[in-house]
Amino acid sequence: MAPLASSKPQLLDPQVLVEDNPFSRTLILNRPKQLNALSYQMISRLLELFLAYEKDPNVKLLLLKGNGRSFCAGGDVAAVVRDIREVNWKSGAEFFGKEFTLNYILATYTKPQVSILDGIVMGGGAGASMHGRFRVATENSVFAMPETALGLFPDVGASYFLSRLPGFFGEYVGLTGARLDGAEMFMCGLATHFVPSAKLPLLEEALVNLDSSDPAMISAIIDEYSERPYLKGKSAYHQLDVIDKCFSLRTVEAILSALDKEAVNMKEDWFSAAVQSLKKASPTSLKISLKSIREGRLQGVGQCLVREYRMVCHVMQGKLSKDFFEGCRAILLDKDKNPKWEPSQLDLVSDTVVEEYFSKVDDEEWEELKLPARFQLAWTCHCKALIITSHLPVKSKLPGEHCLVI
């Protein structure tokens, strides 16, 4: 087996580099030309490394970051589609099963994880970071869950962490694929800290030399380099009352109808972008995404991942809808950005079909996702590491600040 670490970034496993520090390990996602999109090999290696370091008493802390201008732009779904076409849908299911297992390990990890989110954080990149204890955004951060535009749904445990954002901000982010900057990530709680990118080298140096796993000590060090970011005047986060009014409604149709009514008074760019995104997204994806986030509000992280695995297996199988393959064709492969969804309208997606995505897959060889036992912790548990502290605008009618520890 290849060594888990070396004194310098190792080249034996170039998709994940490892820096061996005195009391920590720094893992570097290393596919910069692909914006560090997660391949099956990367996911497998990360899983191997996290499990090994959890048992190593010399490792007190793990840092995770990306090489280049992206932390991680998501899972390599283009490769997943190619594998499905060359083999069968179960190869896609295997990819997501491995990824969701990694997400669960991170969510239940016994050592602190600090993710340096200095760049793009989308899809699978959110799964690799949001479940960790510390999530450091910068002025370069761009967060999004763009799955509904691809005919998929926010996965990697997103139904867990999006549903725990203030009010119904998670539904807004998950359905529209809205892009958030570092300040918005910090304000809504997706990031625990905001550190200017120029200070990151000093922050990392301080962290890797810390001989402790104490979250309070780690947080204190990050605090030394943190700033309270400026939230742009046109940010959607200033309009939580409008977002809650619309995205709290029971159906996607009702949400769109409410947005259309608000359009008379709302001229901000974020609002028109949200409406356009909803109208361009896969109708099927929108409906299963909304139901998924709503169910996530009442479920533990393990339950969310097991349910999301059922859903993604139905998507990979392609019996209920082929929108995922059409979305990947239009957005990632042919890049004509003109997917032909089927059904093409929300009212043509029946509640019966939506429910089927949440049922067991009709295949004799199919099995539920079996998450590993974690220190006598039931897979129905809530994530111990996920701390969401939101900082709400003064004009919001919601409480000024709250901390949700789950």
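The values are calculated or read from the model by the stated rules, or taken from the named source; none is laboratory data. None of these values were measured; they are calculated from a predicted model. We place every Cβ from the backbone using ideal geometry, glycine too, and count neighbours over all the protein chains shown. Accessible surface is based on the protein model in full, side chains and every heavy atom, while ligands, DNA and RNA are left aside. Shrake-Rupley method; radii C 1.70, N 1.55, O 1.52, S 1.80 Å.
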Check your understanding: In the chain, carbon and sulfur make up what percent of the accessible area (probe 1.4 Å)?
Key -> 53
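Tell me the mean residue ellipticity at 222 nm calculated for the chain from its helices only (DSSP H runs of n ≥ 4, each -39500 (n - 2.57), averaged over every residue, nearest 500).
Estimated from H runs of four or more residues: -12000 deg cm²/dmol.
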Check your understanding: Hey, how many Å between the Cα centroid of the range 38-65 and the Cα centroid of the range 298-361?
Key -> 30
Study note, to complete from the structure: At the level of C-alpha centres, the distance separating the range 243-282 and the range 70-116, in angstrom, is 31
Practice item. Sort out the exposed loop GluC sites (Glu not before Pro) in the chain (DSSP loop, at most 10 other Cβ within 10 Å) and tell me the longest stretch that has none. Key: 1-363
Review point. Among S257, S292, S321, which one shows the biggest mean-square fluctuation in a GNM of the chain, springs joining Cα atoms closer than 10 Å?
Key: S257
Exercise for review: Give me the lysines in straight-line cross-link reach of K360: C-alpha distance below 22 Å, same-chain residues under 8 apart excluded.
Suggested key: K90, K98, K287, K291, K319, K322, K370
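Would you be so kind as to identify all helices of the chain, as entire DSSP H runs, whose Cα atoms reach 18 Å or more along the helix's own axis and whose mean Kyte-Doolittle hydropathy is at least 0.0?
On the way: long enough: 40-55 (23 Å, 0.24); 89-107 (27 Å, 0.07); 283-296 (20 Å, -0.31); 301-317 (24 Å, 0.29).
Qualifying helices, which must be both long enough and hydrophobic enough, are 40-55, 89-107, 301-317.
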Check your understanding: Given (1) 25, 48, 21, 6, 0; (2) 28, 60, 12, 0; (3) 26, 55, 17, 2, 0, which label gives P(r) over Cα pairs in 20 Å bins from 0, in percent as computed from the coordinates?
Key -> (2)
Exercise for review: Find the accessible area per residue for the range 266-322; the probe is 1.4 Å, ligands and nucleic acids are left out, and the unit is Å².
Suggested key: 35
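How long is the gain from A198 to T110 if the chain were fully straight, where each residue apart is worth 0.36 nm and the alpha carbon distance is subtracted?
Details: separation 88, 0.36 × 88 = 31.68 nm, distance 2.99 nm.
Stretched fully, the A198-T110 segment lengthens by 28.7 nm.
Calculate, for D56 and M217, the FRET efficiency according to 1/(1 + (r/R0)^6) with r their C-beta to C-beta distance and R0 30 Å; round to the nearest 0.05. Before the final figure, lay out each step's value.
Numbers: r = 19 Å, r/R0 = 0.64.
E(calc), rounded to 0.05, equals 0.95.
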**Study point:** Potential lengthening between A254 and D351 on full extension [0.36 nm per residue; Cα-Cα distance subtracted]
**Key:** 33.5 nm
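Pulled fully out, how much extra length does the chain show between A373 and R82, if you take 0.36 nm times their separation in residues and subtract their Cα-Cα distance? Before the final figure, lay out the partial values.
On the way: separation 291, 0.36 × 291 = 104.76 nm, distance 3.24 nm.
So the chain would gain 101.5 nm between A373 and R82.
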Practice item. Pop a pseudo-label 7 angstrom from the Cα along the beta-carbon direction at both E224 and Q41 and give the gap in nm to one decimal. Key: 3.9
**Study point:** Rounded accessible area per residue of the range 122-211, 1.4 Å, Å²
**Key:** 20
Exercise for review: For the chain, give the share of DSSP beta bridges that are antiparallel, in percent and rounded to the nearest 5; count only bridges with both residues there.
Suggested key: 40
Study note, to complete from the structure: Long-range amide H partners of E139, meaning residues 5 or more apart or on another chain whose placed amide H is closer than 5 Å, are S197
Exercise for review: Quick one: among S159, S44, S359, which has the greatest mean-square fluctuation in a GNM of the chain with alpha-carbon springs under 10 angstrom?
Suggested key: S359
Review point. In nm, to one decimal, how far is the E364 label point from the D269 one, both placed 7 Å along Cα→Cβ?
Key: 5.7
